[in-house]
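Single-structure report; data block below.
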Amino acid sequence: MDGKEENSRSKVRLKLKPGIKAGLRLLNRHGILMSPSTGTVLVLNLSQEGLCFWSSLRLPVHRLYMVEVRMKLSGKNIRLQGNVVWRKRTDNVFEYGMHFEPPLLIKSIITRLLNEELLAQQPQQRKIHQLYRSLNARSTFVK
């Protein structure tokens, strides 16, 4: 299980520029902390369903282990838990794919934070987002 899974993703991932440092902890499959130590990773991209990160640590790619990532996105602290589903070695670091299944409320929070982060990265897009929101609001009343 050391290679990337080649399945199509249903959610768009936002590439985080220049990457966000996050704390990482290893948990057992029940979500119980396995070690008090925290590693630092660089989060490369994020979606509602998962994220990709770099680490110098060699983490297990197995359903018996979970990871918890704590990071700040758009000024808000978030904590995400999930399984490492693939690992790829690149020079002196490992690139990982993490999949999480947060409750519906957490997914909507992630969506809002991703939108805020996208607008912060590309402020010229704000007018386009506002236009689509207003068009979408009007179309719900047309039905």
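Computed from the coordinates by the stated procedures, all read-outs in this text should not be read as laboratory data. Quick caveat: nothing in here was measured; it's all calculated off a predicted structure. All Cβ positions, even for glycine, are placed from backbone atoms using ideal geometry, and neighbour counts span all protein chains on display.
How far apart, in nm, are two points set 7 Å out from the Cα along the Cα-to-Cβ line at residue 108 and at residue 72?
2.7
Quote to one decimal, in nm, the extra length available between residue 88 and residue 126 on full extension: 0.36 nm per residue of separation minus the C-alpha distance between them.
That pair, residue 88 and residue 126, stretches by 10.1 nm at full extension.
Viscosity 0.890 mPa s, temperature 25 °C: give me the Stokes-Einstein translational D for segment 14-142 in µm²/s, with Rh taken as the Kirkwood radius over C-alpha pairs.
Diffusion coefficient, whole number: 154 µm²/s.
Given charges of +1 on the Cβ of Lys and Arg and -1 on the Cβ of Asp and Glu, with all other atoms neutral, how large is the dipole of segment 14-142 about its Cα centre, in debye to the nearest 20?
In debye, rounded to 20, segment 14-142 gives about 180.
Under a 5 Å amide H to amide H cut-off, with H placed in plane at 1.01 Å, what residues pair with residue 20 once short-range neighbours are removed?
Counting only residues 5 or more places away or on other chains, the set is 43.
Which length gain, in nm to one decimal place, applies between residue 34 and residue 64 when the Cα-Cα distance is subtracted from 0.36 nm times their residue separation?
Contour length minus Cα-Cα distance gives 9.6 nm.
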